[in-house]
1. Among the residues of region 94-109, which ones are surrounded by fewer than 20 Cβ atoms within 10 Å (Cβ to Cβ) and within 30 Å of the chain's Cα centre (by Cα)?
2. May I ask you to list pairs of residues, at least six apart or on different chains, whose Cβ atoms are under 9 Å apart, with the first in region 97-117 being assigned by TED's automatic domain parsing to the domain that holds Ala38 and under 13 Å from Arg74 (Cβ atoms) and the second being assigned to a helix (DSSP H, G or I) and acidic (Asp, Glu)?
3. So, of the residues in region 54-79 that are in a loop (DSSP other than H, G, I, E, B) and crowded, with 20+ Cβ neighbours inside 10 Å, which turns out to be nearest to the chain's Cα centre (by Cα)?
4. I'd like to know if region 80-88 contains one or more residues that are in contact with a Cys (Cβ under 8 Å, 6 or more places away or on another chain) and either exposed (fewer than 15 other Cβ atoms within 10 Å of the Cβ) or not in a strand (DSSP E or B) (or both).
5. Residues of region 60-85 being under 24 Å from Ser106 (Cα atoms) and at pLDDT below 90, which ones?
6. If I filter region 321-343 down to residues being assigned to a loop (DSSP other than H, G, I, E, B) and of a type in the set (D, E, K, R), which single residue comes out as modelled with the lowest pLDDT?
7. Listed residues Ala290, Ala298, Ala311; which is over 18 Å from Pro210 (Cβ atoms) and either touching a Gly at 6+ places or on another chain (Cβ under 6 Å) or at pLDDT below 95 (or both)?
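The values are calculated or read from the model by the stated rules, or taken from the named source; none is laboratory data. This structure is a prediction, so every number in the text was calculated from the model and none was measured. Methodologically, a virtual Cβ is constructed for each residue, glycine included, from the backbone with ideal geometry; neighbour enumeration extends over all protein chains shown.
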Amino acid sequence: MTTVRSTSPTKIDWLQGLSLPSGWSESKVKYVAPGMQAGEAITAESIEPVGTYPVYGGNGLRGYTQAKTHHGTRILIGRQGALCGNVHLVSGEFWASEHAIVARASDEVDPRWLAYLLRVMNLGQYSQTAAQPGIGTAQINALPVPVPPHSEQRAIADYLDRETARIDTLIEEQQRLVELVRERREAEADALLGSPIETRHTTVKRVLRPLSRPAAPGLGVVTAFRDGVVTLRSNRREDGYTFSNTEHGYQEIRPGDLVFHALDGFAGAVGISDSHGNATPVYHVCEASAGDHLPYVARLLRYLGRSGFLATQAPNVRERSVDFRNWSMFGRLPLALPPVEEQRRIAEHLDEQTAKIDTLIAETERFIELSKERRAALITAAVTGQIDVREMA
């Protein structure tokens with residue numbers, strides 16, 4: 001039988017009108033975590049991949065060192081940067097760097113419960129600087145908090161430890177599934193593209209013709225991503241590409257064009273554009289010149305890049321990229337192509353399999369996002385008293 005707990009209104013503004021269970025009190029961070037202060041400076045040279053004591057910064061573990069600043073259980077809060085306000089619960093002997101605020105729960109407070117509560121409070125929103133976000137102890141100390149009795153704090157922490165571990169395990173399994181199906185997709189493509197039975201030996205310049213169109217006004221920027229997708233940048237909004245501040249030298253790209261990133265094609269940034277837009281001159285934009293199936297040629301070039309072959313043919317190698325901006329150099333790349341009908345069959349089969357796998361990945365990633373949302377909602381409900389975890393246990 002479920003017992004209905006009596007509640008009373010609270011003046012804590014960040015709770016947005018929620019009521020607290022009877023028996024809970026209101027306090028401030030400075031009373032539940034007294035003596036909060038920043039960690040100590042440490043040079044990058046003092047941090048190693050292995051060592052005696054872990055070094056924690058504002059965003060978690062940074063490495064190891066031979067000295068320590070703290071021992072016991074502490075809550076670390078990020079002080080600076082885009083992720084300021086991050087909360088980590090750490091135990092043992094460790095070094096807390098100057099980029100973290102170190103908080104110790106008072107004797108009447110369960111540190112696990114307090115860490116969950118501080119995460120829910122979204123401390124990063126109290127950052128006072130836009131250019132270099134930062135938060136200080138004075139701001140955090142002044143924040144009001146709801147405080148349940150110590151026995152209920154412990155019950156909340158036990159419940160959340162158990163339930164979030166289950167959700168985290170499920171999320172990890174689903175993330176591993178995504179990795180496996182992506183590996184399967186790439187492995188099948190590599191198997192079909194890597195060993196054609198009947199081939200003609202040729203070169204890029206005999207198969208592809210470079211296109212040279214001026215930039216078209218009013219169009220978005222097209223990017224070739226390392227997963228083989230060529231689309232408007234606005235369709236993806238992902239990191240990992242170079243952004244130009246001007247459109248000098250840009251060129252028009254149309255749907256169906258083969259697009260090869262001359263500095264990133266070695267890592268898979270080549271494919272058939274699905275969008276109409278403009279791109280930087282670092283791209284080779286091509287059409288078929290000898291009747292070959294363009295989607296197959298794009299897949300073959302991507303395979304040659306991912307397999308490491310293009311790197312062996314490059315005239316020079318920069319850090320993190322292989323330079324094929326010179327068309328003559330790019331055009332001399334050797335290709336081994338099966339008959340056109342076989343090219344078409346392989347490309348269509350891979351397109352079909354890719355579509356199925358992409359659908360599975362999208363469904364799995366949506367499940368992961370829902371699981372993360374459920375995890376966050378569960379923590380919020382527990383630390384604000386909206387659910388009675390003692391009854392649920």
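1. Glu98
2. That search, which allows pairs on different chains as well, returns Arg112/Asp158; Arg112/Asp161.
3. Taking the candidates together, the pick is Gly58.
4. no
5. Cys84
6. Taking the candidates together, the pick is Asp323.
7. Result: Ala311 is the single residue among Ala290, Ala298, Ala311 that is over 18 Å from Pro210 (Cβ atoms) and either touching a Gly at 6+ places or on another chain (Cβ under 6 Å) or at pLDDT below 95 (or both).
Conditions (1) surrounded by 15 or more Cβ atoms within 10 Å (Cβ to Cβ); (2) touching an Asp or Glu at 6+ places or on another chain (Cβ under 8 Å); (3) over 30 Å from Pro9 (Cα atoms), marked per residue:
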| residue | (1), (2), (3) |
| --- | --- |
| Asn278 | yes, yes, yes |
| Ala290 | no, no, yes |
| Tyr296 | yes, no, yes |
| Gly305 | yes, no, yes |
| Trp327 | yes, no, yes |
| Arg345 | yes, no, yes |
| Glu352 | no, no, yes |
| Ala362 | no, no, yes |
| Leu370 | no, no, yes |
